[in-house]
1. Being aromatic (Phe, Trp, Tyr), under 16 Å from residue 63 (Cα atoms) and at pLDDT 95 or above narrows it down to one of 306, 319, so name that one.
2. Residues of segment 14-62 being within 18 Å of residue 360 (Cα to Cα) and either at pLDDT 95 or above or touching a helix residue (DSSP H, G or I) at 6+ places or on another chain (Cβ under 6 Å) (or both), which ones?
3. Restricting to segment 219-238, name every residue that is open to solvent by 70 Å² or more (accessible area, probe 1.4 Å) and either closer than 21 Å to residue 280 by Cα or touching an Asp or Glu at 6+ places or on another chain (Cβ under 6 Å) (or both).
4. Restricting the search to segment 356-366, which residues are assigned to a helix (DSSP H, G or I) and not hydrophobic (A, V, I, L, M, F, W, C)?
5. For the subset of segment 216-244 comprising residues that are under 26 Å from residue 174 (Cβ atoms) and assigned to a loop (DSSP other than H, G, I, E, B), which member is farthest from the chain's Cα centre (by Cα)?
6. At least 2 residues that are in contact with a Cys (Cβ under 8 Å, 6 or more places away or on another chain), of a type in the set (Gly, Ala, Ser) and touching a residue at least 40 places away in the same chain (Cβ under 8 Å) in each: list the helices (runs of 4 or more DSSP H) lying fully within segment 251-355 that qualify.
7. Can you pull out every residue in segment 147-180 that is of a type outside the set (A, V, I, L, M, F, W, C), open to solvent by less than 10 Å² (accessible area, probe 1.4 Å) and out of contact with any Phe, Trp or Tyr (no Cβ under 9 Å at 6 or more places or on another chain)?
8. Give me a count of the residues in segment 187-215 that are touching a Phe, Trp or Tyr at 6+ places or on another chain (Cβ under 9 Å) and in a loop (DSSP other than H, G, I, E, B).
Amino acid sequence: MNATMTLIDSTTGDRPTARDDRCLDAIRGCLIGTAIGDAVGLRREGLSRRRAERMYRRQSLAPNLCFGRGLCSDDTEHTQMVGRAFALSAGNTSQFERALVRQFRCWFAALPAGIGLATLRACVKLLLGFGPARSGVFSAGNGPAMRSALIGVVAQSEDQVRELVRVSTRMTHTDPKAEEGALVIAQAARWAARHPSASPIDLLTQFCRDIKGEELRNALTAAVTSLEKGLSPVEYAESQGWSKGVSGYVNRTVPAALYCWAASDDVYRTCIETAVGLGGDTDSVAAIAGAVSGASVGYRGIPQEWIHQISEWPHTIEWNERLARTLAEVTRTGQPQVPPPMYWPATILRNIAFASIVIGIGFRRLLPPYHYSVKLIL
């Protein structure tokens, strides 16, 4: 495994190289792969697998939250904020932390919908003036894991991956399980970006040796065994007792997302469809699986019709492209760059419209057909 993402070729100086192109494609794939997975999973978020099948059995999976168009949730926004913080800091830990804290404060002030309880409490503390060393709450939710994949793709070393994941995690979640889960996702995305043709089973086997948390290690050990037997993601989830869906508990979200990626044979569409098909916290599971898969297959491996269905504003697909190019330049030169702005005032208007849509979908779920939905850990 390469120890650095600084991609300046010694024979060509600052000129772009094939490695630069691969780096940009992996970053674009990770960013937009996160957004597409989030958008595809959002409509079925919180539903058990059986309830989702009853409600949407005649509809194919796509980013179609409202009138056939896709929107994204906090999974995508957190990844974008992490990307901007890295661009502004070029990976310097203290600068990255300050930049991410500023963005969390602005993001929370912009009235995001569907925010997890742990992140909500942490953001309130940040807004009240608490520093990042005291803002986190003890929680093993999947919030840090849903924003960590991009760190693995852009970081310049394994040590930097660990440091940035630690900073990103602890300002909202202080449970060591949350940090280890986030680190596993960052390392998986880093590995996928560098070894797109290698077998994911090799990486999961390595995790089984290195992970300290017994619960996560056991889940990934079972994943390796299930993959070797050729079990589908649904069969793996059933074997782990997740028949009603995958919750937002990090030690369920992470192995479920990695299993969908590993079982997809590097086909992004298959990865997302199986992740959403598990039920439960579908937007986060699909966003994480999409981030890792996107880092592997690159932007060109993501279905173009899904990309064209995204109607996010002000953080459009074109905006994400600009952020990806900025991050690629940072990894190439090692110097901070100014990323595209988040347009926070416009984001407030967007969030009000988004919340109205989510509330409308919530009322629809009060109607038949009925089935118990999974309880999420927020």
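1. 306
2. Within segment 14-62, 39, 40, 41, 42, 44, 45 qualify.
3. Answer for segment 219-238, where residues must be open to solvent by 70 Å² or more (accessible area, probe 1.4 Å) and either closer than 21 Å to residue 280 by Cα or touching an Asp or Glu at 6+ places or on another chain (Cβ under 6 Å) (or both): 235, 238.
4. Answer for segment 356-366, where residues must be assigned to a helix (DSSP H, G or I) and not hydrophobic (A, V, I, L, M, F, W, C): 356, 360, 362, 364.
5. It comes out as 240.
6. Where helices (runs of 4 or more DSSP H) fall fully within segment 251-355 and carry at least 2 residues being in contact with a Cys (Cβ under 8 Å, 6 or more places away or on another chain), of a type in the set (Gly, Ala, Ser) and touching a residue at least 40 places away in the same chain (Cβ under 8 Å), they are 282-297.
7. 147, 148, 169, listed by residue number.
8. The number of residues fulfilling the criteria is 1.
The values are calculated or read from the model by the stated rules, or taken from the named source; none is laboratory data. Everything numeric in this text was worked out from a predicted model, so none of it was measured. Every residue, glycine among them, receives a Cβ derived from its backbone with ideal geometry; neighbour counts consider all protein chains shown. These accessible areas exclude ligands, DNA and RNA; they are computed on the full protein's heavy atoms, side chains included. Shrake-Rupley method; radii C 1.70, N 1.55, O 1.52, S 1.80 Å.
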